[in-house]
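Report on one structure; see the data block that follows.
The values are calculated or read from the model by the stated rules, or taken from the named source; none is laboratory data. Values in this document were obtained by computation on a predicted structure and should not be read as measured data. All Cβ positions, glycine included, derive from the backbone under ideal geometry; neighbour counts span all protein chains shown. Each accessible area value is taken on the protein alone, full model and side chains, heavy atoms only, with ligands, DNA and RNA left out. Shrake-Rupley method; radii C 1.70, N 1.55, O 1.52, S 1.80 Å.
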Amino acid sequence: MPELSRYGPWAVIAGGSEGVGAEFAVQLARDGINVVLIARKPGPLDETARRCRESGAQARTIAVDLLEPESISRIVKETADLDVGLLIYNAGANTCREQFLDADLAAIGGVIDLNVTRMLELVHHFGRPMRARGRGGILLVGSMAGTYGSMQQSAYTGVKAFGRLFAESLWLELREYGVDVLELVLGVTRTPAMERAGLNFDVPGLVVSDPADVAREGLANLANGPVVIVGDNAAAVQWGSGPDRAAIVLGAHKRVQQLIGGKP
């Protein structure tokens, strides 16, 4: 584990109320870094903040929906007095599960805003002071979904592919300034959200990660950007990046249908 104090004294975690985001917060608090937790639901936010304070760290919560246009101005205002040395963007999700031509374009726009626009706004705001002071870290939580196309995830797979290339580009731009950039690529992870979605975690051969392990691996590799693939998923990502796109997309589709309990 690197010396995390260089990323302090405050970390901002978007999507910090439960699952991987909450584990990031708790593990950072144990290392003496104060945290700002951002998510929609006050209840889970307050519970995670309580766990962080048990380690002696300070914890602030901002209960806000990142799809609201004014969410960024509120975050900027409520963190203006803090020295933020680490930004973790863990708020990406697929908020539209319709086939593209059946979906409302406003819903598609929501997927783009949550996974791209808000991420860029927060990186731009918090990244500039990090570059100026010559230290800091930006961790963007990515997904294997950005490796190949998937039905009912047309916009989501696209934004996750964007996120990976953005992280690689940002890593190139900031490495000479002492700011670490990492995209942490997740596979299937046993988070509360995934459990609520009713995923079939018992598919033979499926790699399922634990949120605490994911957070630990991400923090341990902050300086090892631009991209780290979580757990034992590297082989699957390599397979999904091959040249025979039709075979890869059709094969991945069968696996996804097993995971969500649908028909191939």
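Each Lys or Arg adds one and each Asp or Glu takes one away; over the other residues whose Cβ falls under 10 Å from the Cβ of Glu68, this sums to 0.
Under 12 Å from the Cβ of Ser55, count the other residues' Cβ atoms, weight Lys and Arg +1, Asp and Glu -1, and hand me the total. The answer is +2. Over all other residues within a Cβ to Cβ distance under 11 Å of Gly136, the charged ones net out to +3, with Lys and Arg as +1 and Asp and Glu as -1.
Per atom type, region 4-260 shows carbon and sulfur on 52% of its accessible surface, probed at 1.4 Å.
For the chain, what is the charge dipole size about the Cα centre, in debye to the nearest 20, if Lys and Arg each add +1 at the Cβ and Asp and Glu each add -1 at the Cβ?
Using only the charged Cβ atoms, the result is roughly 80 debye.
For the residues Ile248, Ile88, Ile13, a GNM of the chain with alpha-carbon springs under 10 Å puts the largest fluctuation on Ile248. Express as a percent, rounded to the nearest 5, the fraction of DSSP beta bridges in the chain (both residues included) that run antiparallel. For the chain, the DSSP antiparallel bridge percentage is about 0. Within the listed set Gly56, Gly19, Gly225, the residue fluctuating most in the Gaussian network model of the chain (springs between alpha-carbon atoms under 10 angstrom) is Gly56.
For the chain, the solvent-accessible area with a 1.4 angstrom probe is 47 square angstrom per residue. Amide H contacts under 5 Å for Gly142: Leu184, Val185, Leu186, restricted to partners 5 or more places along the chain or on a different chain, H placed in the peptide plane at 1.01 Å from N.
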